[in-house]
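The block underneath contains the structure these notes are about, expressed in structure tokens.
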Amino acid sequence: MAMRKLEIFAVLLLYIISFTTTAQEEFKSNLSVEELKEAPVKLMPYPKEVSWGEKPIDFKQVEINNFNFLHPSVKSELEQLLFKAGVKTSKNNKNKIKFKKIDSLTREAYTLEITSDEIKIGASSDAGFFYALKTLEQIVDGKKGFYAVKIWDEPAFELRGYMIDTGRNFQPIETLKNHLDILANYKLNTFHWHLTDYPAWRIESEKYPELNAAENHRPTRDPGLFYTYNEIREVINYANELQIQVIPEIDMPGHSDSFTTATGHRMESEEGIKILEDVLYEFFEEIPKEMAPIIHLGSDEVDVPDPEGFMNRMLHIIESNNTSAVIWDPGLPANDRVIRQTWRPEHEIEKMDQSGLRGIDSQNSYINNSEPMLQIPRLLFKPIGQDSNHKIIGGIIALWPDVNLDEPFDAVRHNPLYLSLLTYAWTTWTADITETSSKFITRVPPKNSKAHDYFSAFEDFLMYHKNTYFKGQPFQYVKQADTEWKLIGPFEDKETLGEIKDSYSINDSILQWKNATGNTVYIRDRFKQGGFYPKAKPGETYFAHTYIYADEAKNIPVWIGFETPFRSNRAYTGIPEVGEWDVSGGTIWVHEKEIPAPNWKNPGWKPEKTSGWGSKGDQEVPWKDEELYWTREPAKISLKEGWNEVLIRVPGSSDYQNWMFSFAPLEQEGIRFSTSKN
């Protein structure tokens, strides 16, 4: 009897623990799912307060009132918007566009009201007016005219940024301007320009032209290509017109092979320090503090004999120029006036017990270390500055095309850049999600949960912008909120499941199915942050099962993959052999018919290292289209009318691999997923 009571107590305790865990993982957001679903225009990022009218208003002509005080760039934005909308301007027109300066609003805040006969825009600065017009442009682009609406909006964070590394792989000026246009359209206001790194020094130097010489750059990395000061000023001026500040990064004292090759001195040496001082003085003479009020010094991933002395000398020059400094965190020590940009959890503030320093959040935000389908929940459900003691001023999402590129645009083709920028713009502007689960860093939220409902609503916004603004561009995402799977494992070297059962008995234990959602499902991710089986071990096999209902017999293109290698590093399991989908043995069947693998151009290729950091030789081998499921030709899947059974075998062979599968239909009309035939 006592034992029975103990069992009951244990069950109750487990229930309480389960309930508490569920409560702790409760999802909360300021914007309701209903509001997002019912919004007639999918504004990105969504404003703080919106009240929609009943119908759109068709303005053919307008009179513009009280706009002479606007900056020319804002006036130009208005002219382009009206031209695109087919609206002419005329005097004494009953329809008005009125601008009003409202000093009580914060710098980037704005108000926007569209009624039957006028558009009223209020702000305290050019930035606010600019963002109001960007919102108005999205409303007009909704193909419904000037929809009646009343908006009050302001950003949650003062700094909302994007970084690209041009030190490792040069990017043309026009490409950078294109990126700036996208930042501006989605109210991102900071461009972090990483200008120097191991392979090359990309900043013009008149005093030390050897820094720019091709023979001193890595021969595989655009040797001899650099940005003249005229070009740097051109980019900064272009960005400023779009309300974007540029933070140039001169990385020191690490990441400096080309500097050492060119000068014959390491940066931390006395000779190297004197050269760097000259370089900084030259930079500030060419780029005054008004153009670049913040300079990034890097300082990460390096040990030097006198780190305090080195940083003090560099920071003295920067602060003497009345310029603010940023360094990576963890990085070398610096005074508390320096802004820390956190890139790893073990940041300096925790080690030094210094709280309240200004901080920029870049944790879990590297685009090149992302799986396209899971990048959205990873960014959407990670609050900016979560678990940090810094005084967070914002976040910067980073693109590090570390591996050599065949073409500059491959940085975009190989990485989910555009969808990441849009999601990050939403996160940094709205800070809408206030409570969530860390599980969503590696998975789509489960169906019938509040987090899933929000994810589904956001996905509608994302797909609208993909189809409206990014046609023909590499936008590596398709809808996945309604993609359902059942998972089971681990098995030992099991080829297939045969008959699908409710459970399986393995070594005196019972395996039960787990429900999963999404086009990509992690068994366990490379960084061991989660997945559905975070304790999975090499040699084990897992299976995924679902049904696809088709309204008629059809062939559909599908992205299929079994390992998304992270593009920062050439270490992964490699290209499969002929006839295989996956080095580890992954297989897919649709209504019991095995789907043939791609015709690999380089079957069996493996990098020199399959774990850790890739070898120097492999880092110079550019990614090929066949290695990434979104750049190779999609598989053709034949569906019969009615229910189609899908079974996927997902073995693991390496403790380092991104252990996963992707199954993403590119044409979804007339099909739906279900874990049972209903």
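The values are calculated or read from the model by the stated rules, or taken from the named source; none is laboratory data. Because the structure is a prediction, the values reported are computed rather than measured. Here the Cβ positions follow ideal geometry from the backbone for every residue, glycine too, while neighbour counts run over all protein chains shown. Quick note on the areas: whole protein, heavy atoms, side chains included, nothing else; ligands and nucleic acids left out. Shrake-Rupley method; radii C 1.70, N 1.55, O 1.52, S 1.80 Å.
Classify the chain: rounded, prolate or oblate, from the alpha-carbon gyration tensor (a ≥ b ≥ c, eigenvalue square roots; a/c under 1.5 rounded; otherwise prolate if a/b is larger than b/c)?
It comes out oblate by the Cα gyration axes.
Just list whichever of LYS98/LYS177; LYS207/LYS289; LYS28/LYS593; LYS471/LYS514 have alpha carbons separated by over 32 Å in the model shown.
Pairs exceeding 32 Å: LYS28/LYS593; LYS471/LYS514.
Strictly over 18 Å apart at the Cα level, which of LYS42/LYS100; LYS60/LYS101; LYS466/LYS486; LYS84/LYS134; LYS91/LYS150; LYS134/LYS187 would you flag in this model?
Flagged as over cut-off: LYS42/LYS100; LYS60/LYS101; LYS466/LYS486; LYS91/LYS150.
As a test of reading the structure, rank SER320, SER32 by solvent-accessible area (1.4 Å probe, protein chains only), most first.
These residues rank, largest area first, as SER320, SER32.
Please compute the contact order of the stretch 552-678 in relative form: average sequence separation of alpha-carbon pairs under 8 Å and at least six residues apart, divided by the residue count, as a percent.
42
Near the amide H of GLU435, under 5 Å away, which other amide H atoms are found, from residues 5 or more places off or on another chain, if H is placed in the peptide plane?
Counting only residues 5 or more places away or on other chains, the set is LYS28.
Name the residues of the stretch 58-85 whose amide N is less than 17 Å from a point 7 angstrom out from the Cα of LYS91 along the C-beta direction?
62-68
Would you mind counting up the charge near GLN657? Only other residues with Cβ under 11 Å from its Cβ, with Lys and Arg at +1 and Asp and Glu at -1.
Charge balance near GLN657 sits at -2.
Given labels modelled 7 Å from the Cα in the Cβ direction, how far is it in nm from GLU435 to TYR208?
5.4
Helix-derived [θ] at 222 nm for the chain: sum -39500 (n - 2.57) over DSSP H runs of at least 4, divide by residue count, nearest 500?
Calculated mean residue ellipticity at 222 nm is -8000 deg cm²/dmol.
How would you classify the stretch 340-472 from its alpha-carbon gyration tensor, with a ≥ b ≥ c the square roots of the eigenvalues: rounded for a/c under 1.5, else prolate if a/b is greater than b/c, otherwise oblate?
oblate
What is the local net charge at VAL478, summed over the other residues whose Cβ is closer than 10 Å to its Cβ (Lys, Arg +1; Asp, Glu -1)?
Within the 10 Å Cβ shell, the charges total 0.
Out of the DSSP beta bridges found with both residues in the chain, what percent are antiparallel (nearest 5)?
Rounded to the nearest five, the antiparallel share is 60 percent.
Roughly speaking, what is the stretch gain from THR468 to LYS514, that is 0.36 nm per residue apart minus the C-alpha to C-alpha distance, in nm to one decimal? Walk me through the intermediate numbers first.
Numbers: separation 46, 0.36 × 46 = 16.56 nm, distance 3.64 nm.
Result: 12.9 nm gained on full extension.
Give the long-range amide H neighbours of TRP605: residues separated by 5 or more places, or on another chain, with amide H under 5 Å away, using H modelled in the peptide plane at 1.01 Å from N.
Distant-sequence amide H within range of TRP605: ILE575.
For ILE397, which sequence-distant residues (separation of 5 or more, or a different chain) have an amide H within less than 5 Å of its own amide H, given hydrogens modelled in the peptide plane?
Amide H to amide H, under 5 Å and 5 or more residues apart or across chains, ILE397 pairs with GLY161, TYR162, MET163.
Residues of the stretch 440-467 with the amide nitrogen closer than 19 Å to a label point 7 Å from the Cα of ASP141, along Cα-to-Cβ, please.
Answer for the stretch 440-467: 458-467.
Among 49-62, 188-201, 482-495, 645-658, how do they line up from the highest to the lowest mean number of other beta-carbon atoms within 10 Å?
Result, highest mean first: 188-201, 645-658, 482-495, 49-62.
What spacing in nm lies between the two simple spin-label points modelled at GLU234 and GLU492, each 7 Å away from Cα in the Cβ direction?
6.5
So how much slack lies between GLN529 and GLU308, counting 0.36 nm per residue of separation and subtracting their Cα-Cα distance, in nm?
76.2 nm
Heavy-atom accessible area per residue, the chain, 1.4 Å probe: how many Å²?
42
For the chain, build the charge dipole from Cβ charges (+1 Lys, Arg; -1 Asp, Glu) around the Cα centre, then report which of ILE317, ILE488, ASN404 sits farthest towards its positive end.
Ranked along the dipole, the leading option is ILE488.
In sequence order, what are the phi-derived ³J(HN,Hα) couplings for the stretch 97-104 according to the Karplus relation 6.51 cos²θ - 1.76 cosθ + 1.60 with θ = phi - 60°, rounded to whole Hz, with x for glycine and proline?
So the J values, rounded to whole Hz, are 10, 10, 10, 9, 7, 10, 5, 6.
With contacts defined as alpha carbon pairs under 8 Å and 6 or more residues apart, what's the relative contact order of the chain in percent?
11
With only Lys, Arg, Asp and Glu charged, each at its Cβ (+1 for the first two, -1 for the last two), find how big the charge dipole of the chain is about the Cα centre; round to the nearest 20 debye. Display every interim value, and only then the final one.
Working: 76 positive and 101 negative charges, 470 e Å.
Computed charge dipole of the chain: roughly 2260 debye.
How much net charge surrounds ASP625 when only the other residues with a Cβ under 14 Å from the Cβ of ASP625 are counted, with Lys and Arg +1 and Asp and Glu -1?
Numbers: positive: ARG413, ARG567, LYS601, LYS624, ARG632; negative: ASP406, GLU407, ASP410, GLU626, GLU627, GLU633.
Neighbourhood net charge equals -1.
Please give the residues of the stretch 490-525, grouped as numeric ranges, whose backbone N is less than 13 Å from a label point set 7 Å along the Cα-to-Cβ vector of SER676.
502
Which of rounded, prolate, oblate describes the stretch 529-675, given a ≥ b ≥ c as roots of the alpha-carbon gyration tensor eigenvalues and a/c under 1.5 marking rounded, otherwise prolate only if a/b is larger than b/c?
Prolate.
What does the highest-first list of 533-539, 127-133, 625-631 look like by mean Cβ count within 10 Å?
127-133, 625-631, 533-539
Mind giving me the nanometre distance, one decimal, between the label points for GLU319 and ILE393, set 7 Å out from Cα along Cα→Cβ?
My value for the distance between the label points is 1.5 nm.
Rounded to the nearest 10 Å², what accessible area does TRP623 show when all protein chains are kept and the probe is 1.4 Å?
10
How do the peptides 86-97, 248-259, 497-508, 547-558 rank, highest first, by the average count of neighbouring beta carbon atoms within 10 Å per residue?
248-259, 547-558, 86-97, 497-508
With a Förster radius of 25 Å, plug the Cβ-Cβ distance of TRP589 and ASN507 into 1/(1 + (r/R0)^6) and report the FRET value to the nearest 0.05.
The formula returns an efficiency of 0.45 here.
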